[in-house]
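Asker: Can you read through this structure? Questions will come right after.
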Amino acid sequence: MDLEDDIEFSNDEEEITADTVLKTLQSAWQNERLAPEILPHRNDMVECMLGQIQHMERNINKLPKTDLRASIHKMELSRIKFIICNYLKTRLNKIEKYCIPILNEEKQRIDSGTNYLTPSEYKYAQEYLLNLESHLKTVVLNKVPNNMQTFEMSKMAVYPNLQTHVFLQANETVNGVVLEDIFGDQDEEIDLEEGSQHILQYKPIADLVKNGKVQLI
Amino acid sequence: MDPYEIEFIGENRIISIIPNFSYDKIYLICGEFGPFRAGLPLNVPLWLAIMLKQKQKCRIVPPDWMEMDNLENLKEEEKRSRFFTKMPNAHYMVEAKLILGAAGDDIPNSAEIKTIIKDIWDIRMSKLRTSMDALMKSGGSYGRLDHLTMMEINSVKPLLPAAMDDLLRIQMMAKKPAPASLNNSTFSQSGNSQNV
């Protein structure tokens with residue numbers, strides 16, 4: 001049987017990336033779990049990994065059920081699937097919670113080609129908002145006096161708290177992160193050395209999370 | 001994040017096992033491991049080691065840092081230092097718990113090792129609580145926490161970030177001239193404390 005070759009081949013082909021893809025995915029998952037706002041999607045990584053999983057599963061099915069390799073591969077795939085599911089679920093939760101601001105910001109981002117949501121996530125967000133609106137209308141708004149019937153989007157919006165404090169580890173040295181002083185006159189600058197860990201407000205380091213210079217922990 | 005998720009992340013660490021079976025190399029997505037030769041040590045991810053151990057297909061080689069002498073030194077140093085010392089392993093608690101839980105019979109002195117690791121954890125947690133207290137009292141919104149492991153950091157969530165959020169909210173309400181020390185404080189016991 002060519003199974004052994006098959007597995008070997010698939011891995012040789014992806015050898016440069018499979019492990020890197022997994023690591024990227026894991027750090028994206030960790031960041032998404034810990035950041036207050038939605039982060040740019042990593043659909044490329046998810047798709048790539050799903051392809052890899054499918055390929056692996058086809059190969060595992062060719063192995064006898066009792067083969068030790070089969071159970072090891074299955075275990076690894078379950079671990080990866082857990083990361084992917086949890087990652088996507090976390091994003092959906094954020095999309096539902098911060099639906100209105102995310103949609104507003106996303107409209108501008110799509111124009112400039114820097115969208116954070118995947119097309120299907122975007123569709124999900126739009127439909128979620130429509131459903132929310134029609135639900136509120138049928139349940140309450142249509143039954144109250146006329147002058148109170150409008151669905152005021154801006155009053156419904158829930159915003160993520162960007163000033164919340166987060167823990168992070170610097171992947172590379174970043175100098176001169178400005179910590180805004182709330183009283184506006186004594187801004188402070190700090191340096192994040194490679195490998196050092198800090199707790200600080202999310203807002204000043206939001207961009208560093210998005211471009212991978214720091215990892216939330 | 002939940003502790004089990006931190007454990008999940010820690011399970012990716014590589015440790016050494018001695019298998020009691022022989023097998024060719026296995027090509028996983030996270031890398032290739034093997035070949036397995038009965039009686040010869042090789043490196044595998046922790047999750048795989050635990051799984052093989054549970055199937056009674058290997059012995060786990062205790063990592064170097066998990067030796068009594070090393071741990072004694074570590075504990076002494078942790079006691080002596082005002083700061084957090086660098087741990088030999090970024091997931092020491094996870095690794096110790098999993099290895100000692102699944103493979104206690106492979107580790108000499110496992111009971112003593114368990115106790116001393118717990119002691120180290122306790123010393124560090126009490127330092128962490130003292131630093132948190134100092135940070136909050138100084139009204140700081142920034143702290144440096146080098147050498148703390150993920151599990152330790154996670155254990156003060158959501159308390160510390162939430163308290164700092166609330167403090168910030170109160171300060172924003174008050175909006176009166178700040179004491180000079182505001183934002184200046186660092187975690188007094190963490191690493192080199194001159195960061196600002």
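The values are calculated or read from the model by the stated rules, or taken from the named source; none is laboratory data. Because the structure is a prediction, the values reported are computed rather than measured. For neighbour counting, all protein chains shown are included, and Cβ atoms are generated from backbone atoms with ideal geometry for every residue, glycine included. What goes into the accessible areas is simple: the full protein's heavy atoms, side chains included, and nothing from ligands, DNA or RNA. Shrake-Rupley method; radii C 1.70, N 1.55, O 1.52, S 1.80 Å.
Asker: Here are some conditions: (1) open to solvent by 30 Å² or more (accessible area, probe 1.4 Å); (2) farther than 29 Å from B:A38 by Cβ; (3) among the hydroxyl-bearing types (S, T, Y). B:S110 meets all but one. Which one does it not meet?
Answerer: B:S110 satisfies every listed condition except (2).
Asker: Of the residues that sit in the stretch B:161-181 and are surrounded by 16 or more Cβ atoms within 10 Å (Cβ to Cβ) and facing chain A (nearest Cβ under 7 Å), which one is modelled with the lowest pLDDT?
Answerer: Filtering first and then ranking leaves B:A178.
Asker: Yes or no: A:E194 exposed (fewer than 13 other Cβ atoms within 10 Å of the Cβ), within 13 Å of chain B (Cβ to nearest Cβ), of a type outside the set (S, T, N, Q) and outside any strand (DSSP E or B)?
Answerer: So A:E194 passes the test.
Asker: How many residues does the stretch B:36-77 hold that are within 14 Å of chain A (Cβ to nearest Cβ) and in a helix (DSSP H, G or I)?
Answerer: Total meeting the criteria: 9.
Asker: Kindly indicate whether any position in the stretch B:86-96 is under 26 Å from B:E152 (Cβ atoms) and charged (D, E, K, R).
Answerer: Yes, the stretch B:86-96 contains at least one residue that is under 26 Å from B:E152 (Cβ atoms) and charged (D, E, K, R).
Rundown of residues vs (1) surrounded by 13 or more Cβ atoms within 10 Å (Cβ to Cβ); (2) away from chain B (no Cβ under 14 Å); (3) in contact with a His (Cβ under 9 Å, 6 or more places away or on another chain); (4) farther than 29 Å from A:I110 by Cβ, yes/no style:
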{"site": "A:L34", "(1), (2), (3), (4)": "yes, no, no, no"}
{"site": "A:E47", "(1), (2), (3), (4)": "no, yes, no, no"}
{"site": "A:K65", "(1), (2), (3), (4)": "no, yes, no, yes"}
{"site": "A:R69", "(1), (2), (3), (4)": "yes, no, no, yes"}
{"site": "A:K81", "(1), (2), (3), (4)": "yes, no, no, yes"}
{"site": "A:T90", "(1), (2), (3), (4)": "yes, no, no, no"}
{"site": "A:K94", "(1), (2), (3), (4)": "yes, yes, no, no"}
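Asker: Those residues that are open to solvent by 40 Å² or more (accessible area, probe 1.4 Å) and assigned to a helix (DSSP H, G or I), I need them from the stretch A:98-116; list them, please.
Answerer: Hits for the stretch A:98-116 are A:N104, A:E105, A:K107, A:Q108, A:I110, A:D111, A:S112.
Asker: Might you check whether a residue that is within 14 Å of another protein chain (Cβ to nearest Cβ), small (G, A, S) and over 27 Å from B:P158 (Cα atoms) occurs anywhere in the stretch B:91-110?
Answerer: no
Asker: Out of all the residues in the stretch B:1-35, which are within 11 Å of chain A (Cβ to nearest Cβ), under 24 Å from the mean Cα position of the chain (by Cα) and open to solvent by less than 20 Å² (accessible area, probe 1.4 Å)?
Answerer: Residues satisfying the conditions are B:E5, B:I6, B:I9.
Asker: Considering every residue within the stretch A:117-124, establish whether at least one is over 11 Å from A:C99 (Cβ atoms), in the same structural domain as A:V46 (by the TED database) and surrounded by fewer than 11 Cβ atoms within 10 Å (Cβ to Cβ).
Answerer: The answer is yes; a qualifying residue exists.
Asker: Please pick out the residue among B:M125, B:M150 that is under 24 Å from B:I6 (Cα atoms) and in contact with a Gly (Cβ under 8 Å, 6 or more places away or on another chain).
Answerer: None of the others qualify; the one that does is B:M150.
Asker: State which residue is surrounded by the most Cβ atoms within 10 Å (Cβ to Cβ) when the search covers only the stretch A:140-191 and only residues that are within 20 Å of A:I38 (Cα to Cα) and among the aromatic types (F, W, Y).
Answerer: Among those that are within 20 Å of A:I38 (Cα to Cα) and among the aromatic types (F, W, Y), it is A:F167.
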